[in-house]
Amino acid sequence: VDTRYNPHPRRLVVPLCQPPALGTVAVAGRLGALAELRAELGRCLGRASERVVLTSSGRAALCLGLRALRLRDGGARDEVVVPGFGCPQLVEAVIDAGLAPVLCDAGPDCSSPDLAAFTASCTPRTLAIVAAPVLGATIDHAGLERWASLHGVAVVDDAAQAFCGTLDASFGARGALGVLSFGRHKPICAGAGAALVINDPELSDAVARMAVELEQTWRERGAPPAAPRPWFSDVGTALEHPPAAPVRLHMTEEEARVVLARLAVANTEVVAANRLANQLAGRLCPHGSVRPRPHDAGLPRLFFAMEVDPSRRHALATRLADAGVETSWLYYPLHRTRRYAPHARTPLVHADSLWPRILLLPCRGWLSANERDVLLGALDTLEVAS
Ligand SMILES: *Cc1c(COP(=O)(O)O)cnc(C)c1O
């Protein structure tokens, strides 16, 4: 399979993810932006603000949540099931927590795992399943929770790619714990910040205890020496070099201000992204060699996913780059890398089959009229080419 990175546009006109800066919103409460954000997220999720812990990243939030689950469990079980076709930060969070990640497959022709994929990765050592919808495919949460409660396994509702403060109020509010992220490429794209949502109130004390412990451990460890990241031309090699571990647990006041500003425009951006996705889909012939991938209407758009012939993916990405359009192929199946291969218990056949067929286009609500025109025009050249 072709594991080259997509060529980057020489003249970048439509980036995948470059939100315009927003003026910071005036923080009304005298408690500051962190308190206001906690209250606002609590309102969105139907949770008291004390049940929302603001963190520096989704990775930090998940690590904290898993440590709390482990504490409550008494240390007997140490495995955590995570999507093998998804964000490597999830796997890193499990490792950060001192637990054993188990990579599970995606569903058949689906970017997110289904119930069969999750349960095939479980053993008596399974402490938790991280239910993370990936690239616009929802997870059957009710079905998963039924199975998990029968087997005494905790479910973490990782809504990093789902929560946008609008659409569905339940994202992040299901399972024992919820994870939100406001990092790059997330629906609320503030560049940093995240939250752990305590859905099972019995975990409150364990989360509080672990928060103190993690903050101290990470502070003592300190920042790793700054090393320039080498330039990679192959996606597999890049994943052998994971991003540095978190250096602090909590969100800063400044990060909270940016998240609040982005939350305020989230609804407008979701609507605009959906409109753009419809226009892009309208340019692709449903029976052509380049087709729109299905996208669940309940999930916000982070990209526009197209299905392509794997042997032509690089050529198509090159053509788009020539038009100034940045593309991506998320997600490289993590079990194909040396770093993550030891964590896969079964072959991940659906992930293997899906990723070479996916090509992602920019599709965010903040794109300007000119950027949208360039994008739509670039799609027309693909149809001619195919
Ligand atoms: C990005 C992502 C994370 C990690 O969030 P960060 O804030 O980048 O650490 C976790 N889960 C999923 C599903 C993600 O997409």
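The values are calculated or read from the model by the stated rules, or taken from the named source; none is laboratory data. Because the structure is a prediction, the values reported are computed rather than measured. Ideal geometry is used to build each Cβ from the backbone, glycine not excepted, and the neighbour counts take in all protein chains shown.
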Item checked: Members of the range 365-386 found to be more than 12 Å from LEU280 (Cβ to Cβ), in contact (Cβ under 8 Å) with a residue 12 or more places away in the chain and part of a loop (DSSP other than H, G, I, E, B), listed by number -> GLY365, TRP366, SER386
Next item on the list: Working only within the range 29-39, note down all residues that are surrounded by fewer than 23 Cβ atoms within 10 Å (Cβ to Cβ) and either within 16 Å of the ligand (Cβ to nearest atom) or over 21 Å from the mean Cα position of the chain (by Cα) (or both).
Entry: GLY29, ARG30, LEU31, GLY32, LEU34, ALA35, GLU36, ALA39
Check: Here are some conditions: (1) touching a Lys or Arg at 6+ places or on another chain (Cβ under 7 Å); (2) exposed (fewer than 13 other Cβ atoms within 10 Å of the Cβ); (3) polar (S, T, N, Q). ASN274 meets all but one. Which one does it not meet?
Finding: (2)
Notebook entry, point to check: Can ARG174 be described as in contact with a helix residue (DSSP H, G or I) (Cβ under 6 Å, 6 or more places away or on another chain), of a type in the set (D, E, K, R) and modelled with pLDDT of 95 or more?
Noted result: yes
Check: Among the candidates VAL259, VAL212, VAL197, which residue alone is exposed (fewer than 15 other Cβ atoms within 10 Å of the Cβ) and within 22 Å of LEU64 (Cα to Cα)?
Finding: VAL212
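Within the range 196-236, count every residue that is free of Cβ contacts under 8 Å to residues at least 24 places away in the same chain and either farther than 21 Å from ASP158 by Cα or of a type in the set (S, T, N, Q) (or both).
The total comes to 12.
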Check: Any residue in the range 117-138 that is without any contact (Cβ under 8 Å) to a residue 24 or more places away in the chain and either within 22 Å of TRP329 (Cβ to Cβ) or surrounded by fewer than 24 Cβ atoms within 10 Å (Cβ to Cβ) (or both)?
Finding: no
Next item on the list: Would you point out the residue of the range 5-23, among those that are loosely packed, with under 13 Cβ neighbours inside 10 Å and of a type outside the set (Gly, Ala, Ser), that is modelled with the lowest pLDDT?
Entry: PRO20
Margin query: Any residue at all in the range 91-110 that's on the phi > 0 side of the Ramachandran plot and either surrounded by 24 or more Cβ atoms within 10 Å (Cβ to Cβ) or touching a residue at least 40 places away in the same chain (Cβ under 8 Å) (or both)?
Written below: yes
Next item on the list: Taking LYS186 as meeting all but one of (1) in a loop (DSSP other than H, G, I, E, B); (2) surrounded by fewer than 24 Cβ atoms within 10 Å (Cβ to Cβ); (3) on the phi < 0 side of the Ramachandran plot; (4) not β-branched (Val, Ile, Thr), write down the number of the exception.
Entry: (2)
